[in-house]
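The values are calculated or read from the model by the stated rules, or taken from the named source; none is laboratory data. As the structure is a prediction and not an experimental result, all values here were calculated from the model. Only protein heavy atoms, including side chains, enter the accessible area calculation; ligands, DNA and RNA are left aside. Shrake-Rupley method; radii C 1.70, N 1.55, O 1.52, S 1.80 Å.
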Amino acid sequence: MADQTGVPSLEGVPLVLSPGSILDVGDVCDQGFTTDMRRGRYDVGEWIACPDCGQEHQIAAVTPIDIVHNIRVVS
C-alpha cells in the first residue's frame, strides 16, 4: 500500500526497497540449479554464475521484484 506521497508503506511506515529479480535458467545444471532470487535487475539472455556447479547458465525468464529491507516477519 502507498501513502499519499506514493511511497510504498506498511501501517504508515515507509518501506526501504531495492531492485531484485527472480531468475529462471533454461539449461538446468547437473546440480539441479533452475531458479534464483538475486539483488539487481537482469535481462533474459544474460549469463549468470551458478552457485552450485560453478559454471554459467543463460537466463530464460526474469520476474522483477522489489526487495523490502525494513520489515521483520515474526511467527
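Among the protein heavy atoms of segment 2-75, carbon and sulfur supply 51% of the accessible surface, probe 1.4 Å, non-protein parts ignored.
Note: relative contact order over the chain, using C-alpha pairs below 8 Å and six or more positions apart, is 34 percent. Taking θ as phi - 60° and the Karplus parameters 6.51, -1.76 and 1.60, the scalar couplings of segment 55-65 work out to 8, 10, 10, 8, 6, 9, 8, 10, 10, x, 9 Hz in sequence order, x denoting glycine and proline. Accessible area of V62 (1.4 Å probe, protein heavy atoms only, ligands and nucleic acids ignored): about 40 Å².
Among [x] -0.93, -1.07; [y] -0.79, -1.00; [z] -0.69, -1.12, only one was calculated for this model; which label is it, if the read-out is log10 I(q)/I(0) by the Debye sum over Cα atoms at q = 0.19, 0.24 Å⁻¹? Answer by label: [y]. Computed with a 1.4 Å probe over protein heavy atoms only, the accessible surface of the chain comes to 72 Å² per residue.
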